[in-house]
Amino acid sequence: VQLQASGGGLVQAGGSLRLSCAASGDTFSTYTIGWFHQAPGREREFVAAFRHTTRTTHYADSVKGRFTISRDNAKRTVFLQMNSLRPEDTGVYYCAAGRPILSSLRSPDMYGGWGQGTQVTVSS
């Protein structure tokens with residue numbers, strides 16, 4: 001499965017954005033989809049994931065209560081609603097697919113199908 005993120009942009013602190021992750025391939029519903037954030041000069045970090053097996057959502061502590069991940073299997077799309085954005089949320093956001101076990105859910109190495117990310121810039 002190949003994925004493509006979109007929906008980024010420039011927003012003021014406290015604002016909102018909704019990112020979309022569109023997938024190709026018929027097996028989309030059998031994958032866990034993760035969102036990852038890469039700030040300038042830093043490694044890619046876990047943001048959120050929607051597990052396909054349990055249909056549960058998982059978040060990094062830094063975004064809990066502010067971001068919401070959801071998926072629409074019929075449309076082969078996963079969304080990341082980002083509220084109360086902060087300047088430290090600035091960076092490129094990527095989505096990816098995998099079948100990680102729970103203990104490895106947050107590791108980018110467990111995912112593939114990375115497409116071009118989408119830039120999010122939060123001004124203070």
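Is one or more of the residues making up the range 45-62 in a strand (DSSP E or B) and surrounded by fewer than 17 Cβ atoms within 10 Å (Cβ to Cβ)?
Initial filter on the range 45-62 (in a strand (DSSP E or B)): 45-50, 57-59.
Filter once more, keeping what is surrounded by fewer than 17 Cβ atoms within 10 Å (Cβ to Cβ): 45, 57.
There is at least one residue in the range 45-62 that is in a strand (DSSP E or B) and surrounded by fewer than 17 Cβ atoms within 10 Å (Cβ to Cβ).
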With criteria (1) more than 20 Å from ALA22 (Cα to Cα); (2) in a strand (DSSP E or B); (3) not aliphatic (A, V, I, L, M), THR68 comes up short on (1)
Somewhere in the range 22-35, is a residue in contact with a Ser or Thr (Cβ under 6 Å, 6 or more places away or on another chain), under 16 Å from GLN116 (Cα atoms) and among the hydroxyl-bearing types (Ser, Thr, Tyr)?
-> no
For PHE79, which of the numbered conditions (1) under 17 Å from ARG18 (Cβ atoms); (2) modelled with pLDDT under 95; (3) not acidic (Asp, Glu) fails to hold?
-> (2)
Scanning the range 8-40 for residues that are out of contact with any strand residue (DSSP E or B) (no Cβ under 6 Å at 6 or more places or on another chain) and at pLDDT below 95, the one surrounded by the fewest Cβ atoms within 10 Å (Cβ to Cβ) turns out to be PRO40
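Name every residue in the range 10-42 that is in contact with a Leu (Cβ under 6 Å, 6 or more places away or on another chain), part of a strand (DSSP E or B) and over 18 Å from TYR111 (Cβ atoms), in order of residue number. If you could, list the steps in order and put the result at the bottom.
Taking the range 10-42 as the starting set, the residues that turn out to be in contact with a Leu (Cβ under 6 Å, 6 or more places away or on another chain) are 11, 15, 19, 21, 23, 35.
Now restrict to residues that are part of a strand (DSSP E or B): 11, 19, 21, 23, 35.
Within the range 10-42, just VAL11 meets the criteria.
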Would you be able to tell me the number of residues in the range 71-94 that are part of a strand (DSSP E or B) and under 13 Å from the mean Cα position of the chain (by Cα)?
-> 11
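The values are calculated or read from the model by the stated rules, or taken from the named source; none is laboratory data. Quick caveat, the model's predicted, so the values are computed rather than measured. Glycine gets a Cβ as well: all are built from the backbone with ideal geometry, and neighbour counts include every protein chain shown.
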